[in-house]
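Worksheet: one structure, shown below.
What follows is calculated from the coordinates using simple rules that are stated; it is not laboratory data. Here the structure is a predicted model, which means the values were calculated and not measured. Cβ placement follows ideal geometry from the backbone for every residue including glycine, while neighbour counts extend to all protein chains displayed.
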């Protein structure tokens with residue numbers, strides 16, 4: 001029996017087939033765990049996925065709405081974006097919250113770290129809980145046409161459970177925050 005940490009995959013070749021500022025895609029010829037030849041496509045992300053669940057004293061959060069080109073539909077999500085690997089994740093979270101909502105926060109807590117779609121990507125996501133909110137002015141990127149909604153966290157939780165909100169960082173953040181707040185007796 002092999003150590004579970006040892007890879008049962010063998011990479012025979014790897015060829016870069018696409019590259020831009022955000023991702024690189026490689027085509028790989030492999031021997032799969034059963035010993036048969038196969039192919040694997042790997043999407044390498046050049047930034048971390050960063051999400052922020054802002055929470056005010058009344059139990060409200062802020063959702064950002066935007067049309068997601070890849071899905072071909074509108075999506076409501078927590079403030080989120082890319083954090084370069086040479087930027088501290090917390091600094092990226094502060095930047096994203098301010099850019100998308102105009103909010104600043106006094107208190108920050110890492111809610112969770114997760115791998116997104118790990119069957120084809122190496123993308124890692126980090127989600128923060130932000131409290132002690134102060135409103136400022138948003139400054140979204142030119143690729144973003146955003147709407148911001150202040151919504152009770154309980155309503156967002158119901159929208160997650162009902163399948164209306166499907167963004168993975170948002171779903172994970174809301175479920176984790178609910179558990180955390182229940183443990184603290186604040187839900």
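Per-structure values
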{"quantity": "Relative contact order of segment 74-183, defined on C-alpha pairs under 8 angstrom at six or more residues apart (%)", "calculated": "28"}
{"quantity": "Two-decimal Rg/Rh across the chain, once Rg and the Kirkwood Rh are taken from alpha-carbon atoms", "calculated": "1.04"}
{"quantity": "Ascending count of other beta-carbon atoms within 10 Å, so fewest first, for 175, 71", "calculated": "71, 175"}
{"quantity": "Separation in nanometres of the label points that stand 7 Å from Cα toward Cβ, at residue 155 and residue 139", "calculated": "3.0"}
{"quantity": "On Cα atoms only, tilt of 89-101 relative to the major axis of the chain in degrees", "calculated": "50"}
{"quantity": "Segment 1-99 - Rg and Dmax from Cα coordinates, angstrom", "calculated": "19.3, 57"}
{"quantity": "In Å, descending, principal axis extents of the Cα set of segment 2-55", "calculated": "49, 30, 12"}
{"quantity": "Cβ-based exposure ranking for 80, 123, in which fewest neighbours within 10 Å come first", "calculated": "123, 80"}
{"quantity": "Residue 70/residue 5 FRET efficiency (R0 35 Å; Cβ-Cβ; nearest 0.05)", "calculated": "0.60"}
{"quantity": "For 85, 45, order by how many other beta-carbon atoms lie within 10 Å, fewest first", "calculated": "85, 45"}
{"quantity": "Inter-site label distance for residue 13 and residue 181 at 7 Å from Cα along Cβ, in nm", "calculated": "5.4"}
{"quantity": "Mean shadow area of segment 83-136 over all directions, Cα convex hull, nm²", "calculated": "4.1"}
{"quantity": "Label-to-label distance, nm, for residues given as residue 58 and residue 109 (7 Å Cα→Cβ offset)", "calculated": "2.2"}
{"quantity": "Projected-area average for segment 107-182 over all orientations - Cα convex hull basis, square nanometres", "calculated": "6.8"}
{"quantity": "Gained length - residue 30 relative to residue 44, 0.36 nm times residue gap less alpha-carbon distance", "calculated": "3.3 nm"}
